[in-house]
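Heads up, the thing below is written out as structure tokens.
Read-outs: derived from the displayed coordinates by stated rules, not from any lab. The structure displayed is predicted, hence computed values, not measured ones.
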Amino acid sequence: MPKEPSAWVRRFAGAIPPGGPVLDLAAGKGRHTRLLRALGFAVTACDRDTAALEAEFAGDPLCRIVRLDLEDGGEWRLGDGYHGIVVVNYLHRKLLPALATALARGGVLIYETFLQGNERLGKPTNPDFLLKPGELLEIYGGALSILAFEQGIVAAPRPAAVQRLAAINGPLGLLP
């Protein structure tokens, strides 16, 4: 049975403006790609291992699959103009500034990943993959309008320390 989409992504996916492309960054097996396609978005699903994505979305003209090691080279190679960017359970700090500039005006960034303290609860434990408290706010607070932010310990789908942000490129009045 496929893993369910993140409740955070489900909560804010409706804020993504219709009619434009959405990027599912580090898409994994496609749980968020599946949700975004069900909502009618054209999706670019990017991951270094695309076997599961190719198996599920082969032949879908509105799902572009990109095999890319995001940590190889450090430069942004996925274009811009996205109406939405979704990132869950992935952190490569060198790419964080590029996410804001890859959004179209009115585009929405939905980000959720692990926070320092998670090492006491499970994987990941490497500090390179754990956000510092308030780190997403620090990075995006000056570039985007924050719709919502949370950080702390969650019990589901498993105990974890997480940080979550939803933000729009432009004033909040641009929301659909």
Top of HIS32, HIS83, HIS92 by mean-square fluctuation, Gaussian network on the chain, Cα under 10 Å: HIS92
Could you quote the convex hull projected area for segment 99-176, Cα atoms only and averaged over all directions, in nm²? 5.5
Would you list which lysines come within 21 Å of LYS3, measuring only between C-alpha atoms, while excluding same-chain residues fewer than 8 positions from it? LYS29, LYS123
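Considering only DSSP beta bridges with both partners in segment 7-174, what is the antiparallel share in %, to the nearest 5? Provide the component values of the computation, followed by the final result.
Working: 16 of 37 bridges.
Counting DSSP beta bridges with both partners in segment 7-174, the antiparallel share is about 45 percent.
Dividing the Cα convex hull volume of segment 1-72 by residue count, how many Å³ per residue is that?
Working: hull volume 6.8 nm³, N = 72.
With only Cα atoms used, segment 1-72 gives 95 Å³ per residue.
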Taking every eigenvalue of the Cα gyration tensor of the chain, multiplying by 5 and rooting it, what semi-axes result, largest first, whole Å? 23, 20, 16
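Before anything else, pin down the relative contact order of segment 69-176: Cα pairs under 8 Å, at least 6 apart, normalised by residue count, whole percent. Provide the component values of the computation, followed by the final result.
Values: 202 pairs, mean separation 29.3, N = 108.
Answer for segment 69-176 is 27 percent.
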Top of PRO133, PRO21, PRO159 by mean-square fluctuation, Gaussian network on the chain, Cα under 10 Å: PRO159
